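Remarks on the structure that follows.
The values are calculated or read from the model by the stated rules, or taken from the named source; none is laboratory data. These figures come from a predicted structure and were not determined experimentally. Backbone-built Cβ (ideal geometry, glycine too); neighbour counts: all protein chains shown.
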Protein chains: 2
Amino acid sequence: MVDEIVNNPATDNAETRRTTRTAALLSPEDRLREAIVTGRFQPSERLIESDVARELGVGRSAVRTALARLEHEGLVEHERHRGARVRLVGAREAVEILETRAVLEGLAARHAASNASPEDIEDLKAILAEMRRRLDAGDLLAASDQNAVLHGRILELAAHATAVRLIATLKSQLVRFQYRTILLPGRSEHSFGEHDAIVQAIAAHDPDAAERAMRTHLSHVAEALRGHQA
Amino acid sequence: MVDEIVNNPATDNAETRRTTRTAALLSPEDRLREAIVTGRFQPSERLIESDVARELGVGRSAVRTALARLEHEGLVEHERHRGARVRLVGAREAVEILETRAVLEGLAARHAASNASPEDIEDLKAILAEMRRRLDAGDLLAASDQNAVLHGRILELAAHATAVRLIATLKSQLVRFQYRTILLPGRSEHSFGEHDAIVQAIAAHDPDAAERAMRTHLSHVAEALRGHQA
DNA sequence: CTCCCCACGATGGTTGACGAGATTGTCAAC
DNA sequence: GTTGACAATCTCGTCAACCATCGTGGGGAG
């Protein structure tokens, strides 16, 4: 889930800027988020409420609440009486976020190791096997999808609402770093081995090992990311 | 900083409900937060925007934005078209939050160990010494204050904005659990020893030891809390 | 050319109104 | 008496128009 930081960008995207409210299916918040994520608003660009409202074809209050939420998600920053602008998370902060995710997902893995039922473990192994198959088939992107599935499943098993929530918000802040590090040469085999170790630790109901494995895995991802864009 | 989960409750509190906007010094958000924290609104009580607006003597939109923020802070929960109610964090969730804080503060301690300058280390030792003095004087509350100072200082040293931010929001969710576990019999000495270990690890620039020490410290706090209210 | 002041721009907040979704209560049919 | 449909009500979500406040930049005074 970090090997490929991907929030599906609500793929519709195709010209919904009619001022008529025909396309009011998405909430203003989602529309605005999507506009930021897909880069229709440049980083550090000022988001004037009235302009955005006209652009999206909604009222100013809707934009205001949307901005408030996006601020909490870390997508925009806000100064009183000076307005909002889209936040640019630099490489430095990206590393911070990955570190934080590492400890949080480590915690999740720990709980998963405690909670996992035999069926859960079979599930995880099946996901891993599918990842193996796709790797052998040379389809790195498909394998990366499986990667996301695995991490998601572990979070479910953790049954730790607090950690899951925080991880989700952290993820959203990294939308601009949609690298699939698994695509880097040699990374895919490393990644598979790390995931294997995680699953094995969970299967063995060894919380310490599970946390350790998850953290080393994510730190390697962070490292790969760092090297990739340094 | 966990031994005494205390957000100073903006002690003014004294009847500021005049509809006249005389007492508009606090932002609506702060007023509402304070009202919830101090228990003027019962847990699970419905927060009807218009009522709250009248109660606080502000407009409905102000209340709306305040509610949105408090929702993100975890103080209220919100369902579309069904309104907001003050969120009750049960013991189970409190434990979750403490666990999460433990790993996050562990991360912070790790960074603090890497970053700390000689002066920083002297600082920490001074705080610790002051804590020792106050403990010897038998003033547990004062010692608990020093405890908060120490944790805060470590967070500063960590220079890890992401972790600090998450920890702050987690803290605010625990406002209802304002126990000072240090007041429990025997806990104070334990607590001092744990803090001592943390400072020593930071002084030795040993990130692993610092994280470990912080996590064991906080897990003991969680344990004490659990036992205290079980 | 520099500096200060003020008008303008934008936000924060208010009021009033309207529609949508949800809940509740009533009433009729079985 | 119970049940189901329908209507009234409640509350939120949004819009529109408005005013007060704060920042900022440009123009006038020196």
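Laid out as a table, the results:
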| quantity | calculated |
| --- | --- |
| Residue match in the stretch B:30-41 (condition: within 14 Å of another protein chain (Cβ to nearest Cβ) and at pLDDT below 75) | yes |
| Condition check for A:Asp136: among the charged types (D, E, K, R), touching a residue at least 24 places away in the same chain (Cβ under 8 Å) and more than 14 Å from every other protein chain (Cβ to nearest Cβ) | no |
| Checklist (1) in contact with a Lys or Arg (Cβ under 7 Å, 6 or more places away or on another chain); (2) within 12 Å of chain B (Cβ to nearest Cβ); (3) free of Cβ contacts under 8 Å to residues at least 12 places away in the same chain applied to A:Ala142, failing item | (2) |
| The stretch A:188-215: number of residues that are modelled with pLDDT under 95 and farther than 16 Å from A:Met131 by Cβ | 0 |
| Checking A:Val89 against (1) within 14 Å of chain B (Cβ to nearest Cβ); (2) in a helix (DSSP H, G or I); (3) crowded, with 18+ Cβ neighbours inside 10 Å, the condition it does not meet | (2) |
| Among the residues listed as B:Val103, B:Val76, B:Val63, B:Val95, the single one being assigned by TED's automatic domain parsing to the domain that holds B:Arg33, away from DNA strand C (no atom under 16 Å from the Cβ) and in contact with a Leu (Cβ under 9 Å, 6 or more places away or on another chain) | B:Val76 |
| Top-ranked residue of the stretch B:49-80 - restricted to ones that are more than 13 Å from every other protein chain (Cβ to nearest Cβ) and farther than 15 Å from B:Glu34 by Cβ, ranked as nearest to DNA strand D (Cβ to nearest atom) | B:Ser50 |
| Residues that are within 13 Å of DNA strand C (Cβ to nearest atom) and either within 19 Å of A:Leu88 (Cβ to Cβ) or buried (at least 18 other Cβ atoms within 10 Å of the Cβ) (or both), drawn from the stretch A:42-58 | A:Glu45, A:Arg46, A:Leu47, A:Ile48, A:Val52, A:Ala53, A:Glu55 |
